[in-house]
Amino acid sequence: MKRYCNEALPFGVLPLTLLSFATPLIMILPPKRFGRFFCSLFFGVLIPSGFLYSQTLEEAVDEDGAGRTYTTEAGFNENDDPYTEGEFMGQTAESHDGVDSAKSTLGINTFSRLMTTVEGPADISFWWKKDSQNGPDTLTFYSPDGSVSEGIIDHDWTQRTIPIDHGTHDVYWEFKRDIEVSNLDFGEAWIDEISVDPVPIDTTVKSAVDYDGPDADSPALDIYTRDWTEFALAGALNGTVAKSGPVGEGETSYMTMEVEGPAVIEFDWGIESENSTATFLVDGVALDSISDTFDLTSRIHEIGPGTHVVRFEYTQEVSAGGGYSGANEVYLDNFQITEFGASTLLAIAIERSIGVYSSDGSWDRETSVSHDGVDSAGIITDQPTDSSRVYKMFIELPDDPGLLKFQMNIMNENSDDRGRLLVFVDDETLVNFGTATDGWTEVQANLDQGEDRILEAWYFRLADSDTGSVTRAAYIDEVSFAPGETNFQPDLMIQPAKRALKGSNIHNGSGAGQRGVARVKRRRPVGIFTLTCQNDSPTDADAIRLSGTRSNRHFKTFFIVSSGGSNFNYTASFVTGRFATVDLSSYDTESFQVWVRQKRRAKRSSRTITVRGNSLEDSRKVDVVKAKVRVKKK
């Protein structure tokens, strides 16, 4: 049921129920806006103008019967406070299908979103339009696979089609006005005719690529594609390959599948094109590609534990001209998946109890090189290869926040940067080395809460400049994970004028071994100390919160910050624990001055103040120094 304009009317306007008693109309006034509804006045009677009725978002965007629901929100860019008048709403004044669409009208520095949930694999299509009065507005579609934006240029109705990978995904359209420009009153965006077209399973393509599972080593497999087909090709394993579908310039043809790991994926592929590219992706990350024209060639890739989305796609680039008349397509053949299990020997080699994986012919237990004097996990290659073969090891870790540590060693007979080790976890690269390390190196990382956390070690060799056999190897040992721990550590150092620095590389909460003493004369009873704060985390930036002893009846404490050649008194913040250093990179320092002055008529001749530094990233990590002033009697 569509609801007509029925909001509360201004005083003096007759309700809609009186329309049946109204006299013939003589004059029609221009439409006027009341809240979200545009209406016209007929002799003082309010009636709908252009049948602008309020309806559900599902009706406005032509929901295709799959049961999806749509929600909307709007807010201010600076603080996300609600801006309800900017939300998407159904209307009929402007649409692509000639019936209705969802519209958002925004003021300056605001945003609105239209949100839904989509089941993949599928292609989601929609029409959208933007009118920004030439303002700095953007209209963007977001999905887990990335975003597509129309930028700041106004445009008429335009259709976009976006692939959605396997699984259930939250997607949304966002209309945003970023910059405050006083002469731009509002911007408008419309979305219409949203449709989600599931990608079908194609059994003929699976036969064309010669996949022979399921069996003892190969899992069951469904291949989804809309346009890849079986194609006869000379040199193929059984005479046929899977061929990408016809696409125009800038368009993409793809096929996708879900694969359970850990497993080895092997295939042959080739391409015939002008200036175009075929890409192999796992979980949205491009792991391999070929371009232009390339005969069928073999590839081997490993995937770790868990369910992964594997995707082959071909994108035709814009023609470079020159009268190219050949094909524009990619071929896939001899596609195989071989599962493998956990390696007990590898787990023992790196001091893990379980959950270490690598395929045959990849990482293995080595006893000739190790950090602990017993064994390690190693990969040794002695033949020139290229980067298409990546040797991978997968190590399961707890999802808790904590401190990761391991030892690594890279051995290259030549320093030609040909062997490379990558180690990463939680999308953070911990190691990216291409030259030999000088023996074993410890790597640390502070990890936040994770989900299905896997530490991955990849080793590969670039094509060698010579054809000789040059041995290159990488080793990993002593992998440990301490839940709840971090490597954040403040290091405070105190130095009286013309005296030795105290406290470097000493960390404790008592100040033991970290006391500086200044002996001053009564005629100038001021002890001046340099306080140096260092971030001793080897991996992460940190700031250090400082607090110190207050003044008393006998001595006054000053905390001085120097900047631009001037001194500034921050004592109040210092003694109340509200002062912190700037963000310090690993082993960076910042220095201050602490003055301790004896007051007139003081009865005490010495004073010890305590300075405490806490890591802002991990408040449990502390260091303490002490500064003592002794005033000589003469």
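The values are calculated or read from the model by the stated rules, or taken from the named source; none is laboratory data. As the structure is a prediction and not an experimental result, all values here were calculated from the model. Note that we place each Cβ from the backbone using ideal geometry, even for glycine, and neighbour counts take in every protein chain shown.
Numerical summary
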| read-out | value |
| --- | --- |
| Residues within the range 522-542 that are among the small types (Gly, Ala, Ser) and over 19 Å from ILE506 (Cα atoms), tallied | 2 |
| Members of the range 251-277 that are at pLDDT 95 or above, farther than 28 Å from ASP215 by Cβ and out of contact with any Ser or Thr (no Cβ under 6 Å at 6 or more places or on another chain) | ILE271 |
| Some residue of the range 449-472 being in the same structural domain as LYS392 (by TED's automatic domain parsing) and closer than 23 Å to LEU616 by Cβ | yes |
| Meets criteria (in a strand (DSSP E or B) and under 20 Å from TRP458 (Cβ atoms)) for PHE312 | no |
| Test: residue in the range 526-539 that is of a type outside the set (D, E, K, R) and without any contact (Cβ under 8 Å) to a residue 24 or more places away in the chain | no |
| Which listed residue is part of a loop (DSSP other than H, G, I, E, B), surrounded by fewer than 18 Cβ atoms within 10 Å (Cβ to Cβ) and touching a Ser or Thr at 6+ places or on another chain (Cβ under 7 Å), from SER586, SER537 | SER586 |
| Test result for ALA189, on the phi < 0 side of the Ramachandran plot, surrounded by 14 or more Cβ atoms within 10 Å (Cβ to Cβ), outside the structural domain of SER289 (by TED's automatic domain parsing) and among the small types (Gly, Ala, Ser) | yes |
| ILE271 being in a strand (DSSP E or B), over 23 Å from the mean Cα position of the chain (by Cα) and not acidic (Asp, Glu) | yes |
| Failed item, numbered, when ASP170 is tested on (1) outside the structural domain of THR307 (by TED's automatic domain parsing); (2) surrounded by 17 or more Cβ atoms within 10 Å (Cβ to Cβ); (3) not hydroxyl-bearing (Ser, Thr, Tyr) | (2) |
| Flag for THR140 being polar (S, T, N, Q), under 25 Å from ARG311 (Cβ atoms), under 27 Å from the mean Cα position of the chain (by Cα) and not in a loop (DSSP other than H, G, I, E, B) | yes |
| For ARG523: the one exception among (1) farther than 18 Å from PHE592 by Cβ; (2) buried (at least 18 other Cβ atoms within 10 Å of the Cβ) | (2) |
| Strands (runs of 3 or more DSSP E) lying entirely in the range 326-381 (those with 2 or more residues that are over 13 Å from TYR475 (Cα atoms), of a type in the set (D, E, K, R) and in the same structural domain as ASN238 (by TED's automatic domain parsing)) | 329-339 |
| Filtered residues of the range 62-93 (kept if out of contact with any Asp or Glu (no Cβ under 8 Å at 6 or more places or on another chain), surrounded by 14 or more Cβ atoms within 10 Å (Cβ to Cβ) and either part of a loop (DSSP other than H, G, I, E, B) or not assigned by TED's automatic domain parsing to the domain that holds TRP127 (or both)) | GLU63, TYR83, PHE88, ALA93 |
